[in-house]
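The structure appears below as structure tokens.
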Amino acid sequence: MSGMRLLIIEDDAEAATYLVKAFREQGHIADHATDGVDGYARAEAGDYDVLIVDRMLPKLDGLSLISSLRAQNVETPALILSALGQVDDRVKGLRAGGDDYLPKPYAFSELLARVEVLSRRRNAGAAEQTVYRIADLELDRLSHKLTRAGKEIPLQPREFRLLEYLMRNAGKVVTRTMLLEHVWDYHFDPQTNVIDVHISRLRSKIDKGQDTPLLHTIRGAGYMIRDGAR
Amino acid sequence: MALGKLFRTTAFKLALVYSLVFAAAAWIVVANVARNVRQVLEDQIAETVDADIRGLVDLYAQGGVRRVMEAVERRVKNPGSDIYLVTTFNGDPIVGNIAALPPAALDQSGLVETPYERPGDKAAVRRAMLRIYTMPGGFRLLVGQDIEEREKLRRVMGRSLTSSLGWLILIGAVGGLFVARRVLMRVDAMSDTSRSIMAGDLSRRLPTDGSGDELDRLAGNLNAMLGRIEALMKGVKEVSDNIAHDLRTPLTRLRNKAEAALSGASAPDEQRSALQEVIAESDELIRIFDALLLIARAESGAGPLMERLDAAAVARDVGELYDVSAEEQGGRLTVAVDDRLFVRANRELLAQALSNLVDNALKHGVAVPDGAPDLALEARREGRRIRLVVSDRGPGVPPEDRARVLERFVRLEQSRSQPGSGLGLSLVAAIARLLGGELKLEDNAPGLRAVLDLPAADDPTQSAMR
């Protein structure tokens, strides 16, 4: 598994050091810029997979930085970190050209999962496939059919969307909030274990009575669909 | 000191200026009338005198000076007669009722006003208006009218007018003073009260007299403002008290777990799980802060962007999100949502409010612990309102507690054992207020009916067609 090249643009030295260290432990290459201007120069020059941009930065704020990059046709995926966790701030961040938005404080596992999903290099081609395959599980996105070992499994529309998102990001951790965002298109904190209940339903449909479970719970982080045999 | 303040008041200055202006106007009117009356009287005297002279001149033409003197002699015998005098060409009086006259008066022509003396009444100098006519032969005929009475009247009128003006100004000023003082006293009372309010006694209110005048309305409005400020202050104080109190529990748990993880005796596995619990506790704290922040923002009215959206779609989404949770607990969530329920709202906030209500019903809306939830999520239009209703068949909330459970951190005794921060319903109530509606808790007999009552946002294209 090849590591990603990440650029962390964050003025809080302690937070940045922690992130750089944590990403390196995960096998990624992480650079660090301390202000908006430095970050812009590096992002424009360097070949990064994902930019992690703090919203409030000295010299050039995070949103302006991203919209400037987009104006220069630099399309590197950008994740915005912000202490402003309100509903409107996310909209503003995405409107400026950000690809994802994570309010502070966040769990590193959440950030890691989101960055991995954003990464262009590791996503290559996945979105365009019409059939997703994991081991003997096959999801046809055109006919909305799911089969496991050749046997058709009926799915409700939301179960289909849930599984589609998991399979598009097969081998990567997806968190509960990511599922709520992409399957239901809501960003609030549902507080109870609603997502877990949906997952356990889905799991009973695809994994029940099978020798190798495909839908895994990643403790403290979220879920992942992968070929257990591999 | 108080008088000085009185003189500085606007009311007093206005009263003074008004009484002065009125006095000046009154003076101008009276003076004008007096001048005109005087003119009319003078014209009348001149006419009478001229007619008299013409008559006497006729007599002269008939019988010479003798006839004139006889006529004059006859006339002056009548008491209160006009004034007559016939003199020789060098001014010596021959006959008449004038004892003395300023010598220069005889040489003037036209109507003359002059002092004179009557015979037998030497002390009294009177005023007369007279005309001199020189008859052929140098005899001079003087005919006039006494105007002493008129002068007296004029003086009396002048004096009374002057004193009236004085009274007018005095009464006006005193009246102004009285009014100013009354207003001043009320303003002073208001300002005294506001000083004591500023000093920290927010329960004080400005005095009102119920008269409904400007000052009373002002005091009423200020009181309403004070009421709002007091409620807000009370809210802030309660919240800070509650935060201090309610955050102690999770913070203590957090601290205990961190200590447990540190203690050398525990195995690496235990340390790991203790640290995970530490993270879970801090996540819970963050969640509480987020909810408090959202409530605070909603209550200050600084909400996010609002748009016209279909609440039915949001209600169906939330229903779809939670129905499996109800089934998982062996119960059900019945969703009955009408079509096209447009409101002005923010999709995220509305969904959060509804999911809080459903979440609340799942946690507290079951009849017995570990019982099966029987919940309903309904959405429909009633007149100009959109009602989003989440109902359960659980123990419900007693009527006396319904207002209280909407407050921050309030948790009823029976639900203390359940997880939760006591912020869920407060958040829904705050969001409802932000969206221009309200959250009502009703009896579902048995159970709780939580009604999110929002104003409908009409379709602009539809209303245009109507």
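Take every Cα pair under 8 Å whose residues are at least 6 apart in sequence, average their separation, divide by the length of chain A, and the relative contact order is 13 percent. Basic side chains Lys and Arg get +1 at the Cβ, acidic Asp and Glu get -1 at the Cβ, and with that the dipole of chain B about its Cα centre reaches some 2560 debye. Summing -39500 (n - 2.57) over the DSSP H runs of n ≥ 4 in chain A and dividing by its residue number, what mean residue ellipticity at 222 nm do you reach, to the nearest 500 deg cm²/dmol? Here the helix-only value at 222 nm equals -11000 deg cm²/dmol.
Across the stretch B:234-248, computed HN-Hα scalar couplings (Karplus, 6.51 cos²θ - 1.76 cosθ + 1.60, θ = phi - 60°) run 4, x, 4, 5, 4, 4, 5, 4, 5, 4, 4, 6, 6, 7, 4 Hz from first to last residue, x flagging Gly and Pro.
Among B:128, B:445, A:45, whose Cα lies farthest out toward the positive end of the dipole of the protein assembly as shown, if unit charges sit on the beta carbon of Lys, Arg (+1) and Asp, Glu (-1)? The residue sitting most towards the positive pole is B:128.
How high is the relative contact order of chain B, in percent, with contacts defined as C-alpha pairs under 8 Å that are six or more residues apart?
Values: 623 pairs, mean separation 44.5, N = 466.
Relative contact order, chain B: 10 percent.
Counting, for every residue in A:194-203, the Cβ atoms of other protein chains within 10 Å of its Cβ and taking the mean gives 4. Between the amide H of residue B:337 and those of B:379, distances stay under 5 Å, these residues lying 5 or more places away or on another chain, with hydrogens modeled in the peptide plane. Positive-end ranking of B:252, B:298, B:271 along the dipole of the stretch B:247-302, with charges on Cβ about the Cα centre, is headed by B:298.
Phi angles across the stretch A:99-116 convert, under the Karplus curve 6.51 cos²θ - 1.76 cosθ + 1.60 with θ = phi - 60°, into 3J(HN,Hα) values of 9, 8, 9, 10, x, 7, x, 10, 8, 4, 4, 5, 4, 4, 4, 5, 5, 5 Hz, Gly and Pro given as x. Excluding same-chain neighbours fewer than eight residues apart, the lysines reachable from residue B:440 by a Cα-Cα span under 24 Å are B:234, B:363. When +1 charges are put on Lys and Arg Cβ atoms and -1 charges on Asp and Glu Cβ atoms, the dipole computed for the stretch B:1-97 relative to its Cα centre reaches about 800 debye. Rounded to the nearest 20 debye, the dipole magnitude of the protein assembly as shown is 2040 debye, with +1 charges on Lys and Arg beta carbons, -1 on Asp and Glu beta carbons, and the Cα centre as origin.
Please give the calculated 222 nm ellipticity per residue for chain B, where each DSSP H segment of at least 4 residues contributes -39500 (n - 2.57) and the sum is spread over every residue; nearest 500 deg cm²/dmol?
Values: 10 runs with 259 residues, N = 466.
-20000 deg cm²/dmol, from helical runs alone.
Look at the alpha carbon pairs under 8 Å that are at least 6 residues apart: their mean separation over the length of the stretch A:5-123 gives a relative contact order of 23 percent.
The string of couplings for the stretch A:138-151 from the Karplus curve (6.51, -1.76, 1.60, θ = phi - 60°) is 9, 10, 9, 6, 7, 8, 6, 10, 10, 10, 10, 6, x, 9 Hz, one whole number per residue in order, with x for Gly and Pro. Which shape class, rounded, prolate or oblate, goes with the stretch A:5-123 when its Cα gyration tensor gives a ≥ b ≥ c as root eigenvalues, a/c under 1.5 marks rounded, and past that a/b bigger than b/c marks prolate? Judged from the Cα gyration tensor, the stretch A:5-123 comes out rounded (a/c under 1.5).
Note on residue B:237: aspartates and glutamates with a C-alpha under 17 Å away, same-chain residues under 8 apart excluded, are B:201, B:246, B:299, B:407. In this structure, the amide hydrogen of residue B:134, modeled 1.01 Å from its nitrogen in the peptide plane, lies closer than 5 angstrom to those of B:141, counting only residues at least 5 positions away or on a different chain.
Separation of the alpha carbons by more than 27 angstrom is noted, of A:172/B:257; A:59/A:104; A:104/A:208, for A:172/B:257; A:104/A:208.
Amide H contacts of residue B:342: B:311, B:457, each under 5 Å away and 5 or more positions distant or on a separate chain (H built 1.01 Å from N in the peptide plane; Pro and chain starts excluded).
Counting beta carbons within 10 Å around each of A:102, B:168 and listing the fewest first gives the order B:168, A:102. Per the Debye formula with a single identical scatterer at each Cα and no solvent contribution, what log10 I(q)/I(0) holds for chain B at q = 0.13 Å⁻¹? Cα-only, vacuum Debye calculation for chain B: -1.16.
Quick one: Kirkwood hydrodynamic radius for the protein assembly as shown, alpha-carbon pairs, angstrom, one decimal? Before the final figure, lay out the partial values.
Details: mean 1/r = 0.0284 Å⁻¹.
The answer is 35.2 Å.
The mean number of Cβ atoms from other chains found within 10 Å of a Cβ in peptide B:321-333 is 4, as a whole number.
Bear in mind these aren't lab numbers, they're just calculated from the coordinates by the rules spelled out. Just so we're clear, the structure is a prediction, and the values are computed from it rather than from any experiment. Every residue, glycine as well, gets a Cβ built from its backbone with ideal geometry; the counts of neighbours run over all protein chains shown.
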